[in-house]
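The values are calculated or read from the model by the stated rules, or taken from the named source; none is laboratory data. None of the values given here were measured: they were computed from a predicted structure. Note that we place each Cβ from the backbone using ideal geometry, even for glycine, and neighbour counts take in every protein chain shown. Keep in mind that these areas ignore ligands, DNA and RNA; they rest on the heavy atoms of the full protein, side chains included. Shrake-Rupley method; radii C 1.70, N 1.55, O 1.52, S 1.80 Å.
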Amino acid sequence: MSSKPFKITIIKSALLAGGALLSQSVFADASLQQAGASTKRADNAFRQDNGDTVRKEPLRINPGDKRPADQFKVDVFGHPLTIGGAYELEPRYVEDRRLDPRRDDDVANVYQDLKLELFYQWSKSLSFFVQSDVYYDPEVYTESGLDQYEAGIKLTQAWLFVHQLLDSGFSLQLGRQRIADKRQWWWNDELDAARLYFGENTLFAELAIAKELGSKQSDQDFIDPVSDRVVRLMGDMVWQWDPKQNLSLFFLSQFDNSDNQRPGDLIRANRKDSSDGDLNWFGGRAMGKFKIEHVGKIGYWLDSALVFGEETTQTFTDINSNFSRVRAQTPRHVAAWGMDAGITWYSNLFLEPYLTVGYAYGSGDTNPNDGTDSAYRQSGIHNNKIKLSGSQRFRYYGELFRPELSNLNIMTAALGFPISEQSSIDLLYHHYEQATPSSVIRDSRIRATPNGRSGTLGDEFDLVLSLDEWKHLQVQFAGSVFMAGPAFGALEGNNSFQLDLTFKYSF
């Protein structure tokens, strides 16, 4: 008898058992301004919505991770040096990513990451921060028997921050820094950048220019081809017209100056660059929350964006595991659009359930031969993660499928319950349809190829349990099932399965 069912049962049982057992202070929060009434505890037991009545600065300068208030500090030249970090352990098991149980593609890995951080505050206006990651990601089980691992050191952040430059409303941040928006729909990445902030009363803005200056990883002596010689000019402006609601404008212009790979060129496999584009994204966001008496609170969001410019795509023929040859090159105009909208009802019912419905659309290329690519694509530095309740983010387009919003209609319905003020459990359903039937899915964890005739990709169910009950520890469990639709032809009805358990200890 094959050992595969036995091994899979053991892995599933272990991860499910782990999930069943699970039943701000940061280094530098240099908020530019805070005003308004004091917070008031809500009548409900868990949903306090801290800060709902306080006008907050949306742009906060910090590493972006939860850290304990009593971090280790030492005096250096009369100023405090804070030393801290986090250790993350993430076992994950994924089954049938190719949607074919006959393919040997099941894999289990145990990702580990140790972040070490130094924050030095020379004065109220001048701060320094360095963050370095040591990571190890071994495959502890592969159905194919070809185990692999990744390991190395990354310099993820290293920046200088000048608050209220020359006693003005402007602040400056220089170096490798995390740039993120609230929904991570536009961007969430560590970039080598110079960023200028402005904040005054209800208006806040930032402007950044970014270009990768070197490899981020110790095991790689070159910049990733998708980022090599790419200059990004980006920014946003936020009008906080109410303490709980705001309107935002975003823009991103990308100038790709990388070497042109021509048909016939022999390229190292790890240097393949499938796209060179001078592209521009412009758009806006409305987001907020309001209260309806006897009903509860309604949260809403609306993101919309246009992308346009010029792009040249390359296709490759693999020679061997080390080299590929450029097969063809296609220059095209780009003109496309995308949007994401939804509402969440935070009810006053028993157990305080909250219900979310959402719809996202990324246009498809309706005429591939007209010289214009009308398929929307995101910025490439996005992440698509948000918190609905509690304090931990998850992927709102699906933990397993997790696609880029491109040539897609995504319909989402979710039901969640707060376990406490900081912890929650969420059940999510996603339905995926291509805007234009295509054999290409842009950036997804599912590795099967659609037939290009039907646009119905399938459905996914996610169960996400986020626990944040301890001073130093955060835990998250996510179980996901993706069910293939008619777009996958003979694979229709087949499933892919994922279990993911994350422990993060901060110090």
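Data table
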{"read-out": "Odd one out for Leu355, checked against (1) touching a strand residue (DSSP E or B) at 6+ places or on another chain (Cβ under 9 Å); (2) over 19 Å from Gly338 (Cβ atoms); (3) in a loop (DSSP other than H, G, I, E, B)", "value": "(3)"}
{"read-out": "Subset of region 76-88 that is under 24 Å from the mean Cα position of the chain (by Cα) and open to solvent by less than 50 Å² (accessible area, probe 1.4 Å) - its residue that is nearest to Phe482 (Cα to Cα)", "value": "Glu88"}
{"read-out": "Whichever residue in region 408-426 is out of contact with any Pro (no Cβ under 9 Å at 6 or more places or on another chain), closer than 17 Å to Asn384 by Cα and not acidic (Asp, Glu) and, among such residues, is surrounded by the most Cβ atoms within 10 Å (Cβ to Cβ)", "value": "Leu408"}
{"read-out": "Any hit, region 364-384, residues being farther than 24 Å from Phe308 by Cα and either open to solvent by 30 Å² or more (accessible area, probe 1.4 Å) or in a loop (DSSP other than H, G, I, E, B) (or both)", "value": "no"}
{"read-out": "Residues being exposed (fewer than 12 other Cβ atoms within 10 Å of the Cβ) and of a type in the set (S, T, N, Q) - total across region 275-296", "value": "0"}
{"read-out": "Extreme residue, farthest from Arg377 (Cα to Cα), among residues of region 255-302 that are small (Gly, Ala, Ser) and in a strand (DSSP E or B)", "value": "Gly296"}
{"read-out": "Strands (runs of 3 or more DSSP E) fully within region 445-507 counting 3 or more residues that are of a type in the set (Phe, Trp, Tyr)", "value": "495-506"}
{"read-out": "Condition met for Glu433 (at negative phi, outside any loop (DSSP other than H, G, I, E, B) and of a type in the set (Asp, Glu))", "value": "yes"}
{"read-out": "Filter pass, Arg92 being among the basic types (Lys, Arg), closer than 18 Å to Ala208 by Cα, part of a strand (DSSP E or B) and touching a Leu at 6+ places or on another chain (Cβ under 8 Å)", "value": "no"}
{"read-out": "Every residue from region 314-329 that is open to solvent by less than 50 Å² (accessible area, probe 1.4 Å) and in contact with a Ser or Thr (Cβ under 7 Å, 6 or more places away or on another chain)", "value": "Gln314, Phe316, Ser324, Ala328"}
{"read-out": "Extreme residue, modelled with the lowest pLDDT, among residues of region 454-482 that are open to solvent by less than 40 Å² (accessible area, probe 1.4 Å) and among the charged types (D, E, K, R)", "value": "Asp468"}
{"read-out": "Failed item, numbered, when Gly299 is tested on (1) modelled with pLDDT of 95 or more; (2) open to solvent by 50 Å² or more (accessible area, probe 1.4 Å)", "value": "(2)"}
{"read-out": "Which numbered condition Leu405 misses (of (1) closer than 27 Å to Ser258 by Cα; (2) part of a strand (DSSP E or B))", "value": "(2)"}
{"read-out": "Of all residues making up region 430-453, the number that are closer than 22 Å to Gly358 by Cα and loosely packed, with under 15 Cβ neighbours inside 10 Å", "value": "1"}
{"read-out": "One residue from Thr312, Thr344 being more than 28 Å from Thr502 (Cβ to Cβ) and not basic (Lys, Arg)", "value": "Thr312"}
